[in-house]
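Report on the structure given below.
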Amino acid sequence: MTSENKAFVRLVDPIKDTAACLDVCKKTVGPALRTGTPNLISPYIWCLPYIRLCPEYCFVVDDGDGNAVGYVVCAPDNVTFAERFREEYIPILESLDPILKKPPMDPPADWGKELTLGVLQCLYSPEELLHPVCPRLIEEYPAHLHIDILPEFQRKGFGKELMEALWARLRKDDIPGVHLVMEAGNVNAQKFYLAIGYNRFGEVVDGGKSGEVGKEDNGNLWMVKKL
Ligand SMILES: CC(C)(COP(=O)(O)OP(=O)(O)OC[C@H]1O[C@@H](n2cnc3c(N)ncnc32)[C@H](O)[C@@H]1OP(=O)(O)O)[C@@H](O)C(=O)NCCC(=O)NCCS
């Protein structure tokens, strides 16, 4: 039997799993962020803060030999998470890696031309998690998540298993709903979310610029699920 056959889902162990999870993030992040400095910064936005601030809501796929090969990381409440991100996480960033130094925050970067500046500004903008353009999102769906699995372990049911472990944990705390923000171009992920019970958020969130509900004019989709 190969390790792959014995892979299973378990709670993250921040001491043993952090490096592997950061690696999974770098390898699975959207194509525009797959190389260079933006790739190095990505896990400090979309993976590490969750493992540091709320590990009890983070689960991994263990390959059977103790190695994390996929994860779902989650913040159970965006309001508290954004506060803790600002107060507890931002102050340690530069000590983790000098490339994480705070950039000029104004004017906002043009992501097409200044990707490194864009991701750094994103890292230092946890208030964006409050989605001020549409406060109903986090009133109804206070939790949010990121899920990524290495290619060799995709399409084996682990994505669904990670989600089920997370939903059970959130339900225990009476969290009424969970949301996520994804790139509309990630067609496979969209199929996955729809197959396991997520729906597009039902309100126009960008003043009608995208012409669709649950879609920002930058192309990002808001997916939601009641628990
Ligand atoms: C998206 C992702 C998390 C899904 O996890 P997964 O383990 O591959 O998905 P599962 O095997 O649990 O799939 C559950 C169901 O979702 C649907 N599904 C998943 N991937 C699909 C795909 N590529 N095409 C069509 N349906 C898909 C299927 O209905 C599947 O059930 P089935 O295999 O019995 O038909 C994983 O593929 C991944 O990490 N992709 C790369 C990173 C990424 O895009 N992350 C999300 C960023 S928003």
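The values are calculated or read from the model by the stated rules, or taken from the named source; none is laboratory data. Because the structure is a prediction, the values reported are computed rather than measured. When we count neighbours, we look across all protein chains shown, and the Cβ atoms used for this are built from the backbone with ideal geometry, even at glycine.
Here L120 fulfils each of the conditions (1) under 15 Å from the mean Cα position of the chain (by Cα); (2) within 18 Å of W46 (Cβ to Cβ); (3) of a type outside the set (K, R); (4) surrounded by 20 or more Cβ atoms within 10 Å (Cβ to Cβ) apart from (1).
Might you check whether a residue that is modelled with pLDDT under 95 and surrounded by fewer than 20 Cβ atoms within 10 Å (Cβ to Cβ) occurs anywhere in the stretch 54-77? There is no residue in the stretch 54-77 that is modelled with pLDDT under 95 and surrounded by fewer than 20 Cβ atoms within 10 Å (Cβ to Cβ). Would you point out which residue out of K27, K102 is farther than 30 Å from R136 by Cβ and more than 16 Å from the ligand (Cβ to nearest atom)? Only one candidate qualifies: K102. Residue count for the stretch 54-109, restricted to those that are of a type in the set (V, I, T) and more than 30 Å from R155 (Cα to Cα): 5. The stretch 137-227 holds strands (runs of 3 or more DSSP E) entirely within its bounds, and those carrying 1 or more residues that are away from the ligand (no atom under 16 Å from the Cβ) and of a type in the set (G, A, S) map to 177-183.
Checked against (1) in contact (Cβ under 8 Å) with a residue 24 or more places away in the chain; (2) under 22 Å from K156 (Cβ atoms); (3) of a type outside the set (D, E), K26 passes all but a single condition, namely (1).
Scanning the stretch 77-121 for residues that are farther than 29 Å from L227 by Cα and of a type in the set (A, V, I, L, M) gives I90, I92, L93, L96, I99, L100, M105, A109, L115, L117, V119, L120.
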